[in-house]
Number of protein chains: 2
Amino acid sequence: MSKSKLRWLLERDQTLPLYRQIEQQLRQRISNGEWPVGTRLPSQRKLAEQLGVNRSTVTQAIDELASWGIIAGNKGGGTRVVNNTWNRLAANTINWDRYVESGAHQPNLPAIRQINEAEYRADIIRTGTGEPGPELLPTARIRHILADASDEPFLGYEEPKGNLRLRQQIVHYVAKQGIQCSPESILIVSGALQALQLIAIGLLQRPSSIVAEAPSYIQSVRVFQSAGIGVHRVAMDAQGIKMSHLRQQLTEHQPGLLYTIPTFHNPTGTIMSNERRAELLELSSSLSLPLIEDDVYRELWLDEEPPPPLKSQDRHGNILYLGSLSKMMSPGIRVGWIIAPVPVIDRLADIKMQTDYGSSGLSQYVATRWLADGHQAQHQAWLREQLQARRDRLLAALEYHFGDIGAWNVPAGGFYIWLRLPVTVHVHRLFKLALRERILIHPGYMYDRAAAHHIRLSYSYAEMGQLEHSIQRLRQLVKQCMDV
Amino acid sequence: MSKSKLRWLLERDQTLPLYRQIEQQLRQRISNGEWPVGTRLPSQRKLAEQLGVNRSTVTQAIDELASWGIIAGNKGGGTRVVNNTWNRLAANTINWDRYVESGAHQPNLPAIRQINEAEYRADIIRTGTGEPGPELLPTARIRHILADASDEPFLGYEEPKGNLRLRQQIVHYVAKQGIQCSPESILIVSGALQALQLIAIGLLQRPSSIVAEAPSYIQSVRVFQSAGIGVHRVAMDAQGIKMSHLRQQLTEHQPGLLYTIPTFHNPTGTIMSNERRAELLELSSSLSLPLIEDDVYRELWLDEEPPPPLKSQDRHGNILYLGSLSKMMSPGIRVGWIIAPVPVIDRLADIKMQTDYGSSGLSQYVATRWLADGHQAQHQAWLREQLQARRDRLLAALEYHFGDIGAWNVPAGGFYIWLRLPVTVHVHRLFKLALRERILIHPGYMYDRAAAHHIRLSYSYAEMGQLEHSIQRLRQLVKQCMDV
Ligand SMILES: Cc1ncc(COP(=O)(O)O)c(C=O)c1O
Ligand SMILES: Cc1ncc(COP(=O)(O)O)c(C=O)c1O
């Protein structure tokens, strides 16, 4: 049950006692079908915590409902809705659980859902969140763009591939990175993540599989798995994908494509070397292996420009290239793009029209202005400076607190530091300990089942003072875990 | 090949002859992999038309490329890219067709794609388009909201179920329609269409099927079919769904749910009667049959308020209720909602996070202000007046031009008139004839394979003078078809 479920209005100075207010609200949720028969109630401890009342008050309310035969405890200790017929005689209720469990798309990993939920708690320090923090967002610039929204039509439906002016801007934008393309080979998507979803349902047969780096961007792997596609993993070293392992995986599993983040890899920060890039392109071309090049961090280089995108060398249309404004401008605006051969773009655009009828025209309008008016270039320069300073502070804090017990990369761009902890530390335990102190960490095992001793840190989101404090606290918690 | 593919810049007064410019541009698309080997070129006639040059100029360019062995004609008469290796020795190209054809999601119907494409031609009169036309969009109001965007954070990611303030506004909004719910049972979606997609991949097992009215909103039926779910159809009469036929379909096919548009049905304009609503609710409850109530047209009543939503009578959580701002405020902003039991909403929110990480925060912000600041109520009143006048004009035109040869409904709300033509008229022929005169009609067979003699008209989109002119012209074309 997510937190938001419990934003109820209890009024402390009402004539009705608190337990009766709680009972009424529970009853209402049950009687109007929001909590149908079979729904599991949050635990009494949780309810009490979230409503900010004593546990005994909750118990009183629950007992009351139970006495009406509306809810009942079960062996497992949980309490479920068992009846909602006090206001109507005999009626069948749909067993929604059966529906919820039988859909084709798989549920998210519990660890990810736990993190998703924790992230919306206002009081939490998010040490691993992979997005620009509130102070890094160009709110003033965007307000400026909005304030001066012209008569441009931005309220109607857009073309299937997305707003043409935006696609033209993207043509210019990627040209600077060495990619030649035209608007018809671009599809605007609601974030790069959606491009992966479209690829999963639009280009891969069932059964089939893909290969992805281990570790990798969690949601990328998930989106394929949830759509019923197998994901094989390929090991990395400091130069990027290990080619011998890749060849082995290709031979063994014959995957439909390779998903890679060659530049400022999430979560390790790795930049694939020029040599490795050449080898990979060669392999792709000789084996006719399509690549997804996820390049959402490219412009966030901190020391020097990274090697050009693989896509800039792609003369055969073997690469599906992903970009996004999420990491540079706004994750919430949901504007990303995929550049690929026209038949692929046509296919994906068709599916996108069928499933959500195109991305928000308002977001696309703002994105167009963002690129056309030169905001991107200006903001990028500023953002790099900010990120550089943040990176350096986080590195200094690590040096100080983890110098003797950890190992990490020095990222040349992107957001992430991949911190290795001593092997005696049980990271899930550390996660729980930290969360109790309102410090949210991103355990490495989410990115790669085998990465049992890593955590992902990000210098992009948390306020720096809080992040430094968290590193200091984490050292103590790590020590505590080591001593056990 | 979609139109947008041909937005090429030919410069008439360049030194390079036109045919060479065309050749170069084709060559570039082939060499940078946008048109990989195997891609089918648009026909020469089409190319010539779209580039605005003589066909012989195109032929010259094509012959040039063919002489290099880059493209070649095939038996079917088409021309395909056969080679792109003039700039690199022997390399394998990916057969994208194989990928494009093997994805799980099915392609859209050719008829729909044809209409999608025609709709983006600026010079076309769209007689059936189901969205508010440009003059009906509240552009000034939205500009006002944008101009005064506060410090509200609208650039970060939103909560999994969508912006909480927006969900609270929706609670108030639907309360006026008799629906009681709380924010946790609402999921914000990128248009009501996306809710259907989430239901298709999140709640229905494979294989399974649903029942939908015949005819029905095209994309709704498509989204289920494309996701591999069977769609059985149930007949309608003037009161809505024919209950006897529904019972028959339920017994025969045991579908997972029923999709219905009880209020201002698309495309027939039907309002389900109170009696039928009661029967349907009774059936749903006695058979535990979930219903999707698609209610996106509710507020667009023209004569009197329609009966309350089925959802307002739903005490068992049997109904998944869909709403949207598309028809009232902006189709391009992509803000819709689904109201359902919490376990269902949790499940759909989880899938939405996995596939697009939530809807545009900017769109959600504008939608919140739209509802909170009272724009919706004011605009709605104005919009009703406009639509009423438009409806009456269209009805008058029909009376005048089709009184002797057609039959139609008088819609009490929504956008649509479902026009029946004489049985001797071959509607696909009419479609083609009309398109030649830049009049786009929506053939009935798209909404229901059996509706061979209907077309859907909408008074919401086209400029009224043009719409009246089209009706007049259509009469002549219909006559022409009848004479054959
Ligand atoms: C490698 C990578 N690709 C894509 C994304 C998601 O981008 P978007 O917000 O555009 O969906 C992320 C976000 O964490 C990422 O790390
Ligand atoms: C019945 C019905 N539902 C839903 C939609 C689509 O709504 P949205 O733009 O919110 O996806 C339409 C649009 O034609 C419709 O007619």
Inset, instruction - Could you pull the accessible area for A:His144 with a 1.4 Å probe, rounded to 10 Å²? - result: 110 Å²
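Students sometimes get this wrong: rank A:Ile229, B:Ile271 by accessible area, probe 1.4 Å, all chains present, largest first. Numbers along the way, then the final one.
On the way: A:Ile229 5, B:Ile271 50 Å².
Correct descending sequence by accessible area is B:Ile271, A:Ile229.
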Legend entry - Entries in A:Lys242/A:Lys327; A:Lys327/B:Lys311; B:Lys242/B:Lys479 that, when Cα-Cα distance is taken, lie over 30 Å: A:Lys327/B:Lys311; B:Lys242/B:Lys479
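Below 10 angstrom from the Cβ of B:Val100, what's the summed charge of the other residues (Lys, Arg +1; Asp, Glu -1)? Don't skip to the answer; put the middle values down first.
Details: positive: A:Arg347, B:Arg98; negative: A:Asp346, A:Asp350, B:Asp97, B:Glu101.
Around B:Val100, the charge tally is -2.
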Legend entry - Inter-copy separations for B:Asp63, label at 7 Å along Cα-Cβ, nm, ascending: 9.7
Legend entry - With every protein chain in place, region B:18-103: carbon and sulfur % of accessible area (1.4 Å): 44 percent
Legend entry - A:Glu101, A:Glu158, B:Glu184, B:Glu437, reordered so the largest accessible area comes first (probe 1.4 Å): A:Glu101, B:Glu437, A:Glu158, B:Glu184
Inset, instruction - Sort shortest first the distances from B:Ala118 to its counterpart in every other copy, using label points 7 Å along the Cα-to-beta-carbon line, and give them in nm. - result: 5.6
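To the nearest whole number, what is the average tally of beta carbon atoms from other chains within 10 Å of the beta carbons of peptide B:34-41? Could you put the intermediate results ahead of the total?
Working: counts 14, 6, 9, 3, 3, 5, 1, 0.
So the per-residue partner count for this stretch is 5.
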Legend entry - 5 angstrom amide H check on A:Glu159, placed H, neighbours 5+ away: A:Leu164
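Quick one: of the DSSP bridges fully inside the protein assembly as shown, what percent are antiparallel, nearest 5? If you can, show how the numbers build up before the last one.
Numbers: 46 of 82 bridges.
Antiparallel bridges: around 55 percent, rounded to the nearest 5.
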Legend entry - For A:Val234, distant residues with modelled amide H under 5 Å away: A:Ala212, A:Glu213, A:Ala214
Inset, instruction - Rank A:Pro411, A:Val423, A:Gln364 by how far each Cα sits towards the positive end of the charge dipole of region A:358-426 (+1 on Lys, Arg Cβ; -1 on Asp, Glu Cβ) and give me just the farthest. - result: A:Gln364
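When each pair of different Cα atoms in region A:139-373 is counted once in the 1/r mean, what is the Kirkwood radius in angstroms, to one decimal?
Values: mean 1/r = 0.0551 Å⁻¹.
Kirkwood radius, region A:139-373: 18.2 Å.
Grab the Cα-Cα distance for B:Ala452 and B:Arg438, subtract it from 0.36 nm times how many residues apart they are, and report the gain in nm with one decimal.
Details: separation 14, 0.36 × 14 = 5.04 nm, distance 2.19 nm.
Fully extending the segment from B:Ala452 to B:Arg438 adds 2.8 nm.
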Inset, instruction - Using only protein heavy atoms and a 1.4 Å probe, report how much of B:Trp382 is accessible, in Å² to the nearest 10. - result: 100 Å²
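Dipole of region B:139-373, Cα-centred, from +1 at each Lys and Arg C-beta and -1 at each Asp and Glu C-beta, to the nearest 20 debye?
Working: 21 positive and 24 negative charges, 71 e Å.
The calculation lands at about 340 debye.
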Legend entry - Chain pair B, A: total accessible area buried, heavy atoms, 1.4 Å probe, Å²: 10200 Å²
Inset, instruction - Measure of size requested: the Rg and Dmax of chain A, with Cα atoms as the atom set and Å as the unit; please supply both. - result: 25.2, 78
Legend entry - For a label point 7 Å along the Cα-to-beta-carbon line of A:Lys176, residues of region A:375-405 with backbone N under 12 Å: A:375-382
Legend entry - Nearest-first distances (nm) between copies at A:Pro17, label 7 Å from Cα via Cβ: 9.8
Legend entry - Local net charge near B:Trp301, Cβ-Cβ under 14 Å (Lys/Arg +1, Asp/Glu -1): -1
Legend entry - Solvent-free Debye scattering, log10 I(q)/I(0), computed from the Cα coordinates of the protein assembly as shown at q = 0.07, 0.10 Å⁻¹: -0.62, -1.28
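Given the -39500 (n - 2.57) contribution per DSSP H run of 4+ residues, what per-residue ellipticity at 222 nm results for chain A, rounded to the nearest 500 deg cm²/dmol? Could you put the intermediate results ahead of the total?
Details: 16 runs with 203 residues, N = 484.
Mean residue ellipticity at 222 nm (helix-derived): -13000 deg cm²/dmol.
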Legend entry - Given charges at Cβ of Lys, Arg, Asp, Glu: region B:139-373 dipole, positive-most of B:His253, B:Ile333, B:His316: B:His253
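The values are calculated or read from the model by the stated rules, or taken from the named source; none is laboratory data. A quick note: this is a predicted structure, and the numbers were derived from the prediction, not measured. Neighbour counts are summed over all protein chains in view; Cβ atoms, including those assigned to glycine, are modelled from backbone coordinates with ideal geometry. Heads up: the accessible areas ignore ligands, DNA and RNA and are worked out on the full protein's heavy atoms, side chains in. Shrake-Rupley method; radii C 1.70, N 1.55, O 1.52, S 1.80 Å.
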